[in-house]
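*Asks:* Have a look at this one.
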Amino acid sequence: MSPVAEKDRAVVQLLLDAGTCPRCVLRFCSVGSQLLYRHPQQDLLKDLQEFLKNSQEKEGPVCLEVADPPCKRLRLEHEEEGADELNHNGAIPQLPSAGNTGNTGNTGLDSSAGRVCNVCLGILQEFCEPDFVKKVCQKVNSADYQFTSFVFSVSLPPQLSVRERAAWLGVKQQMRNLGLPLAKDDIVQLKEAYKWIIHPQLAEDPSDGKSLFEVSVVFAHPETDEECHFLATACPDCFKPAKNKQSVFTRMAVIKALERIKEEDFLKHFPCPPSSPKNLCDALEIQCNNGAVFVAGRYNKYSRNLPQTPWIIDGERKLESSVEELISEHLMAEFKADSFNFSSSGREDVDVRTLGNGRPFAMELVNPRRIHFSAEEMKRLQQAINDSSDKIQVRDLQLVTREAIGRMKEGEEEKTKTYSALIWTDKAIQREDIAFLDDIKELRLEQKTPLRVLHRRPLAVRCRLIHSMRSEYIDQHHFRLHLRTQAGTYIKEFVHGDFGRTKPNIGSLLNRTADILELDVESVDVDWPPSLAD
């Protein structure tokens, strides 16, 4: 049990007189009973008023017999040296009665009822009521998400941290005025108390925190927005402009400043306890978000006029489609996602085909409405992609985890790839002129960043291996070369030399000018994703 105890009498009186709501009073009295916060606030207020009216001589706490699950606490004060602790029996120094705490006998009824809480700004008042919970449920239902459990989160205005500190210092000052030793007391986080109240109204069995579906409420309180501003003068280093931030007064910046500012400086700028505002908080947004879903597979590209990703230069689209778009169009529609991120094990040029078992790829689908797909549904989705275009084909389409995608990139430089290149030479060749290429093994190359990609990749010399080659004579000026290489090798440059930037190269090995006419990727030796039965 974590009830309101006799030692809390002065704290209860002070906060109720200042206009603090009964749930915030419980928080400052370190009450950790979740069920207690769910009682109607008028009932809680009545209980606290009765507590203050009780004779001081009545030993024992006021009681609300509820099991006390462990709760998260917000630590606002370090334990002071020499502070008296409760003894084994829970005995504490006796507090003066409520009537001797400097008030006129008011037990908090007139001062607290009907007022906006001076600490939570109404969040633990109006926004815990069934009408607001109904709005949250309507938002979730209308968003049409698939989920089996959820995480509930709250975004609070940063000035709440200032008011929380002010209320704490007011309580601390009151205790000192009474000449009482101050033990380390933690207050229950406002967010935790709010979730304790809201969760049971949203679902009987809320998530343990591992759910990918999140329901969040964003609160704001324009009336008190400027209450943080004095901290910028006291702690300017804590408030620095950042990209994508509308204001420097973020919650984390305010908390950092509150940790640095001296107590006496804080008290010069802010009333303790804080005064009551005129208006309640605004619930700016009720947001729903599903964690990303990941889909993987392998694709074949049969067109020599199709880039892997959209080809756009200076805002102008060069080609009408891409591998990425042909696949994502169907996945986005079926998963009802907001956006996607495409990745693959390497990439081919626009004029290069990808044959064989295809190239591994993965698609991150951001904030999908639909997340559950059976193996049969994934097969139908794969077939829909394949039926939509003769430029690509997809195989082994499946749902994977975020962690599994890492396997696609693991050891990418050590993996091998096989290619087929159609090569032209300026001087006539015979079969015997190219036969020696078949005997070359583990040929080491030094490749400077190719001129064609120098605009988007840093200048460097990369060492790469040609593991093996096999030549097929066609005619006096053409032959086909099959290559097994280290991943990351620039094949086109190995053929024509890139003005001497790749050494050695086919031209230098044959002692003539060579160029590449066609290139196909025949295999990407990455054992991922797992093959699926047809």
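*Asks:* Would you compute the Debye intensity of the range 14-58 from its alpha-carbon atoms alone, equal scatterers and no solvent, and pass along log10 I(q)/I(0) at q = 0.22, 0.26, 0.32, 0.34 Å⁻¹ to two decimals?
*Replies:* Calculated log10 I(q)/I(0) at the listed q: -0.79, -1.02, -1.24, -1.27.
*Asks:* Can you tell me the FRET efficiency between Q287 and L267 if r is taken as the Cβ-Cβ distance and R0 is 35 Å, rounded to the nearest 0.05?
*Replies:* That gives a FRET efficiency of 0.40.
*Asks:* Considering only protein heavy atoms, with the full assembly of protein chains and a 1.4 angstrom probe, order V323, V461 by accessible area, largest first.
*Replies:* On the way: V323 0, V461 85 Å².
The ranking, largest first, comes out as V461, V323.
*Asks:* Cross-link list K301/K336; K191/K278; K240/K278; K139/K379: which exceed 24 angstrom alpha carbon to alpha carbon?
*Replies:* K301/K336; K240/K278; K139/K379
*Asks:* Using a 1.4 angstrom probe with every protein chain in place, what is the largest-first accessible-area order of S508, S149, S328?
*Replies:* S508, S149, S328
*Asks:* For the range 292-412, treating each Cα as an identical point scatterer without solvent, what Debye log10 I(q)/I(0) comes out at q = 0.14 1/Å?
*Replies:* -0.58
*Asks:* At a temperature of 4 °C and a viscosity of 1.567 mPa s, determine how fast the range 417-524 diffuses translationally according to Stokes-Einstein, using the Kirkwood radius over alpha-carbon pairs as Rh; express D in µm²/s, rounded to the nearest whole number.
*Replies:* On the way: Rh = 13.9 Å.
Roughly 93 µm²/s, to the nearest whole number.
*Asks:* So, one more: For the range 501-510, what does the Karplus curve 6.51 cos²θ - 1.76 cosθ + 1.60, with θ = phi - 60°, yield as ³J(HN,Hα) per residue in whole Hz, taken in order and with x for Gly and Pro?
*Replies:* 7, 10, 9, x, 9, 4, x, 6, 5, 8
*Asks:* So if I average 1/r over every pair of distinct C-alpha atoms in the range 343-437 and take the inverse, what Kirkwood radius in Å does that give? All intermediate terms of the calculation are to be shown ahead of the outcome.
*Replies:* Values: mean 1/r = 0.0581 Å⁻¹.
Every distinct Cα pair counted, the radius reaches 17.2 Å.
*Asks:* Given all pairs of different Cα atoms, what value in angstroms does the Kirkwood hydrodynamic radius of the range 240-341 take?
*Replies:* Kirkwood radius, the range 240-341: 20.2 Å.
*Asks:* Continuing with this model, one more query. Provide the per-residue ³J(HN,Hα) series for the range 423-435, in order, calculated from phi with Karplus coefficients 6.51, -1.76, 1.60 and θ = phi - 60°, each as a whole number of Hz, with x at glycine and proline positions.
*Replies:* Along the range 423-435, the couplings run 10, 10, 10, 6, 9, 5, 10, 10, 4, 5, 6, 10, 4 Hz.
*Asks:* Could you go through the range 336-343 in sequence order and give the Karplus-derived ³J(HN,Hα) for each residue, using 6.51 cos²θ - 1.76 cosθ + 1.60 with θ = phi - 60°, rounded to whole Hz, and x for Gly and Pro?
*Replies:* 6, 8, 7, 7, 8, 10, 9, 9
*Asks:* Check S30: other-chain or 5+ apart residues with amide H under 5 Å from its amide H, H built from backbone geometry?
*Replies:* When sequence neighbours closer than 5 places are left aside, the close amide H contacts are V188.
*Asks:* Just to be sure I understand the model, the point goes 7 Å from the Cα along the line to the Cβ. What's the resulting R251 to L319 distance in nm?
*Replies:* Placing both labels 7 Å along Cα→Cβ, they lie 4.6 nm apart.
The values are calculated or read from the model by the stated rules, or taken from the named source; none is laboratory data. This one's a predicted model, so the numbers in the text were calculated from it and none came from an experiment. Here Cβ is always computed from backbone atoms with ideal geometry, including for glycine, and neighbour counts include all displayed protein chains. Note: areas computed on protein heavy atoms with side chains; ligands, DNA, RNA excluded. Shrake-Rupley method; radii C 1.70, N 1.55, O 1.52, S 1.80 Å.
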